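Just below is one structure, and these are the notes that go with it.
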Amino acid sequence: MKGIFKINGKELEISFEAHKVLLDVLRENGFTEVKEGCREGECGACVVLLDGKPVNSCQVLAASAMGHEITTVKGIGTLHNPHPIEEAFVEAGAVQCGFCTPGMVIATYALLKENKDPSDEDIKRALDGNLCRCTGYVKIKKAVKLAAKKVSENE
Amino acid sequence: MNRDFKVVGKEVKKIDALALATGEVKFTADITLPDMLHVAFLYSPYPHAEIEEIDTEEALNTPGVELVLTYKDVPQTLHTTAGQGYPEPSPYDTRILDKRVRFVGDRVAIVAARTREIAQEAAKKIKVKYKPLPYNLDPEKAQESEPVPPQDAYHLLPTIYEPRKNIAAGIKLKFGDVDVAFEKSDIVFEHRFEVQYASHSAIEPHAAVAFYDERGRINIISTTQVPFHARRIVSRVLGIPLKNIRVIKPRIGGGFGGKQEVFLEQVVALVTMITKKPSKVVLSRREVFTSSRTRHPMITWYKAGVKKETGEITALKLKALMNAGAYGPHALTVMANAGSKVLPLFNKIKNLLFEGYTVYTNLPVGGAYRGYGATQGYFGFNVMLDMIAEELGIDVLEFFKKWHIKKGETSPIFEELGEGKEGVAQVIRSCALSECIEKGAERIEWYKKRRKKLREGDKVRGVGAAILMQGSGIPKIDMGAAYIKMNEDGSFNLHVGATDIGTGSDTILAQIAAEEIGTSIDKMIVYSSDTDFTPFDVGAYASSTTYISGGAVLKCARKIKEEIIKVAAEMLNVPMDAVFIENGVAYTEDRTQHVSFEDIALYSMYSRNQHQIQAVASHIGLESPPPFMAQFAEVEVDIKTGRIEVLKFVSAVDCGQPINPVLVEGQVEGATVNGIGYALWEDYIFDEQGRLKNASFWDYKIPSIKDVPEVETIICKTYEPTGPMGAKSVAEIGINGPIPAIANAVYDAIGIRLKSSPFTPEKVLKAIKEQGLKL
Amino acid sequence: MGELVWYFPDSIEELKEIVQEEGVVVHGGGTGLLRGDIRRYKGLVDLGKLGFSYIKNDGEFVEIGATSTYNDLVSFFKEKNTKSILYKSLLESATTPLRNRITIGGSVAYFPPWSDIAGPLLALSSEVYLTGSREGWFKLTDYVQSKELKKGTAILKIRYEKEKDSGYSHHFRAVRNRVDHPAFTITLLMEVSDNREIQAATFYVVGSKDRFKKLTVLESQVIGKRVDDIHVESLSLDNVEFYGKVQFSPEYQRTLFEVEVKRGIYKILEMVK
């Protein structure tokens, strides 16, 4: 089937098989910043924003996302124009292998949109769907707090 | 020695972090090439069987399928998938595909198709007639069971290898006479401990891509910790010249030992060689669980004899039985490390016996996993020490401090027990373990909380500790090399074989180079792990990168600095020893004249005696100085449900001079949290036929952000004279302590000794029933 | 296997026809469907255009549109009723990105034994509104046990009496770590009068051998009693059996069930006191 996908603010017409999940459609069309870690909705490496809310793109049938706003990590910041959240992850030492980081950044972005000053509990809840095996989450928590500070300073 | 560093020891940002955080980086699975084929496998549903017939016709006729390979179609070279130095201390017992399958999840066939989905679907259409064979899932029954490895399996090294008896490796090591010493001891302790299977669970699944370059050479991009070993193994297994293979390591999404294994590279290379098309394989999470590599389960029997008056352990016997699973990568060395990384910590024991066997079973295959045997060995070791101290009526921390190995001391084990051969004698040149114990105790509030059994309703609190050491690379075996050249603007290319798998080694190696050369980190352009464009390095394992690759970088930096000074001296018209470098500028002794690196580089290239300022160096570790650590757990045990909650976990580490403190903490925290998951619930659950029942993140849980207790890391700095800038390693050690520290904390809380990990609520309740609560 | 057909009906009438076709199922968030091979279906119906993403709280009932997600509900309860048993269970259920995707309708249609909200919905005597081969409100207990009610129908909304969710409650999930799916859950709901008499008690275990079970033996021992007269330790429990699961053995689940049911009741009584 064919459909219009709004990805990172651009409309794209994409042909895809009706049973495909959004993760595959994104990756097959060049959005490889969306990572595949488990395909079972458990690891969060494939998290994107769907109408502003983080979802596991491996658990979203692509057809159901047609016409909705999809944001990958590249829609949040870029190497040359990084988002303060991304800078915070770098500064806090929260990036080790970096495979989970795009998902973490998106989860943080969604959190800070709703909550400028998240508590430890808020952070744990917002990032509970993003697994990381490298950091033990210590620096990730730190990064989210730093990001909150940076984001509010930027406003 | 306390050097005044400018780059080393500073919180330098990880050089690849921003590219990773913004999703700019391409990992192996992200690579797509024109006409690329996707590879899928068919796996054995039997724990042990002979393939009698295999019909691939329907699979081959599936639209989109281009190749189906069975054991009849692939080279039958025996090899080990263990990415170790040559000759590997692991048995050659593996074929790409074999007529016999040895565990549920062993490979039966390879399918290559236009898409991954087609390949996976086609694999299901292969019809196989199996003749089931007797199988065994119990390592304690392995020797009497149907032999698992191939008839012709062999070992390159003259070590114990008896495949017909399912013995994949054996070690016996003896000092003094333990039996006599046990007789003379006042108290004898004897206990059995058991640790379980586990998955590395790097979030990036294993993947590999192969393609031909324009010169007809096979290029492999792979999620590997060992690019150079991968090249060597692929060359041998496929019978193609090494010169015709290039292995490239892109960014890697975590390894933890799971990617120190070469089992995909030869498959994509073969598919590409046959089809002349690029090929790619990406394992599913299920495949990672069942068919990649795991933590080796191990049973240890500790026996200790103690003199009551002095508290001296006069004799210690450690018997280890390790389960290799169906193949033997790292079978010898992981088991050996259960002794060699553990026993020297209490170096004053005069009578010592270490006897270990690794056996084949029809279960998933063990491999390298962070901690590498030490994790398995330290459980029983630290619990025994806790028991002994209790029996002696002394604080276990005092007991630790009195008897642990110290600076200037040695252990005979260093010399006797190496990796597939004898070890290397060494004297400890840096050790802050006592300080680690003291500082850690302070943070966990040991003296306030120990033996208090603080109770609230059904929940009781306790604290426990464990002490540890690891190594820094494999001495006289592991080698790393580096190449540095200077560019016209005074920047440098640093090329290393060392393999950054997310650890930050590219960054710390750049720090070492920048520090030594006398420039800033932003002047270092790092390129690593490409068999064509970087010098050799054994790879990322055995906690070797900082120490060994770092040593190579330091030597190389020294050499290029010499070269820079030589040109500067010529330009400044002074002797070389009258020139010194500071912040990228060469000064004359009296600071009256100077030339910048940029000036020097330009001069060297365009003015006189034109040449490339460059250097190359390699380094082997002559010793393997251990990092030391003390870990502390505070737990709360629910006596009605058996549930353990870790409230706080403190690690105090001596890794020499930390090159990058944030990355050091990151290594310790990551290892610790992985260790806590392993201690509490991570496990492989098999049915009676050896089928893994929890091969998914849905059923196999790794810690989430909600599961992490308060985690604290303390760095107790020392200076290791043999290490680059005084550094030792730090990557593995932190995973070894959670099991014993938590077990000891549970004992402190409720008086129950846990001897089998993971400490599931179920096991804790059972232990409470058997042993009776002591509140 | 033909290619899966997607339907995006604009009206209930259209939906009615489509859901009665053989091999066509409703697509909620997709998370339940994706646990199996999605290609086994002929068609999927997306309810996105029908306006069933809402939560109404204005009358006697709380009424939840079928396409409301778990997190929609979390936001709603956070504002309206943080004591809600449904809220307590939702907070612990799945993870943030899944809560943004799992719909209440999908969850009820699928009703897996690890569902965190199954117990609360049962305890609240929820009803589901079906359209298609059947039309109207049906008891949730009937719906989840009847193949006939599921065939050719789509859930449009779920409701329960607001009053029922205003009492004391407790929710327990048997898990290994905090993002595990539960081996079983316990839901306890009690209404206590001003004179400390237990007027109503609804207890459920979900994930047992019976899939879910109302703990009637236990309920009968507390209903009508005064809070101060209940001795939790001497309450006798219903006979609940469990299958072995990756999390825990059947024996351990039984032990855990016994401990946690009593703890839950004790906690509620403490809250009252």
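The values are calculated or read from the model by the stated rules, or taken from the named source; none is laboratory data. All values derive from a computational prediction rather than experimental measurement. FYI the Cβ positions are ideal-geometry reconstructions off the backbone, even for glycines, and counts take in every protein chain you see.
For residues in the range B:446-464 being in contact (Cβ under 8 Å) with a residue 40 or more places away in the chain and assigned to a loop (DSSP other than H, G, I, E, B), which is farthest from B:M629 (Cα to Cα)? Checking each candidate, the answer is B:D458.
Return yes or no: is C:S220 surrounded by fewer than 24 Cβ atoms within 10 Å (Cβ to Cβ) and away from chain B (no Cβ under 14 Å)?
When the stated conditions are applied, C:S220 passes them.
Contact map, the range B:705-720: residues that are within 14 Å of chain C (Cβ to nearest Cβ) paired with residues that are among the small types (G, A, S), Cβ distance under 8 Å, separation 6+ or inter-chain. Pairs shown: B:D707/B:G677; B:V708/A:G136.
Among residues of the range B:670-685 that are within 12 Å of chain A (Cβ to nearest Cβ) and closer than 18 Å to B:F632 by Cβ, those with a Cβ under 9 angstrom from a residue that is of a type in the set (D, E) and part of a loop (DSSP other than H, G, I, E, B), sequence gap 6+ or separate chain, pair up as B:A671/B:E732; B:N674/B:E682. Taking the range C:117-127 as the range and being part of a loop (DSSP other than H, G, I, E, B) and crowded, with 24+ Cβ neighbours inside 10 Å as the test, the residues that pass are C:I117, C:L124, C:S126.
Among the residues of the range C:111-145, the ones that are closer than 15 Å to C:S68 by Cβ and of a type in the set (F, W, Y) come to 1 in all.
If the condition is being over 21 Å from the mean Cα position of the chain (by Cα) and within 14 Å of chain C (Cβ to nearest Cβ), then the range B:723-775 contributes B:F759, B:T760, B:P761, B:E762, B:K763, B:V764, B:L765, B:K766, B:A767, B:I768, B:K769. I'd like to check which helices (runs of 4 or more DSSP H) are fully inside the range C:1-114 and have at least 1 residues that are among the small types (G, A, S) and more than 14 Å from every other protein chain (Cβ to nearest Cβ). Helices (runs of 4 or more DSSP H) meeting the threshold: C:85-92, C:104-110.
The set of residues in the range C:252-269 that are in contact with a helix residue (DSSP H, G or I) (Cβ under 8 Å, 6 or more places away or on another chain) and over 13 Å from C:T187 (Cα atoms) comprises C:Y252, C:T255, C:L256, C:Y266, C:L269. Residues that are in a loop (DSSP other than H, G, I, E, B) and more than 28 Å from the chain's Cα centre (by Cα) were ranked within the range B:372-424; the one that is farthest from B:N736 (Cα to Cα) is B:G393. Of all residues in the range B:201-229, those that are touching a residue at least 60 places away in the same chain (Cβ under 8 Å) and within 12 Å of chain A (Cβ to nearest Cβ) have Cβ atoms under 7 Å from Cβ atoms of residues that are of a type in the set (V, I, T) and assigned to a strand (DSSP E or B), 6 or more apart or on another chain, in B:P205/B:V282; B:A207/B:V281; B:A207/B:V282.
Have a look at C:D72, C:D37, C:D58 and point out the one that is farther than 20 Å from C:L130 by Cβ, among the acidic types (D, E) and crowded, with 19+ Cβ neighbours inside 10 Å.
C:D72
Among the candidates A:G67, A:G44, A:G93, the residue that is of a type in the set (G, A, S), over 27 Å from B:P34 (Cα atoms) and more than 13 Å from chain B (Cβ to nearest Cβ) is uniquely A:G67. Among the residues making up the range A:1-39, a single one is small (G, A, S), without any contact (Cβ under 8 Å) to a residue 60 or more places away in the chain and part of a strand (DSSP E or B): A:S15. Would you check if there is a residue in the range C:169-186 being outside any loop (DSSP other than H, G, I, E, B), within 14 Å of another protein chain (Cβ to nearest Cβ) and closer than 30 Å to C:G48 by Cα? So far as the range C:169-186 goes, no, none of its residues is outside any loop (DSSP other than H, G, I, E, B), within 14 Å of another protein chain (Cβ to nearest Cβ) and closer than 30 Å to C:G48 by Cα.
Residues that are under 24 Å from B:F182 (Cβ atoms) and either over 15 Å from the mean Cα position of the chain (by Cα) or not in a strand (DSSP E or B) (or both) do not occur anywhere in the range B:358-367.
Annotation: of all residues in the range B:271-289 being assigned to a helix (DSSP H, G or I) and within 14 Å of another protein chain (Cβ to nearest Cβ), the one that is farthest from B:I702 (Cα to Cα) is B:E287. In the range B:294-315, what residues are in contact with a Lys or Arg (Cβ under 9 Å, 6 or more places away or on another chain) and not β-branched (V, I, T)? Residues satisfying the conditions are B:R295, B:W301, B:Y302, B:K303, B:A304, B:G305, B:K307, B:G311, B:E312, B:A315.
Among the conditions (1) among the hydrophobic types (A, V, I, L, M, F, W, C); (2) crowded, with 19+ Cβ neighbours inside 10 Å; (3) over 19 Å from A:G67 (Cα atoms); (4) not assigned by TED's automatic domain parsing to the domain that holds C:T153, C:I12 misses just one, which is (2). For the residues A:T78, A:T108, the requirement of being closer than 28 Å to B:G675 by Cβ, within 11 Å of chain B (Cβ to nearest Cβ) and out of contact with any Lys or Arg (no Cβ under 9 Å at 6 or more places or on another chain) singles out A:T108. With respect to the conditions (1) over 26 Å from B:V342 (Cα atoms); (2) under 23 Å from the mean Cα position of the chain (by Cα); (3) not in a helix (DSSP H, G or I), B:V662 lacks only one, and its number is (3).
Restricting attention to the range B:1-29, and to residues there that are in contact with a Lys or Arg (Cβ under 9 Å, 6 or more places away or on another chain) and not in a loop (DSSP other than H, G, I, E, B), which single residue is nearest to the other protein chains (Cβ to nearest Cβ)? Among them, the one singled out is B:L20.
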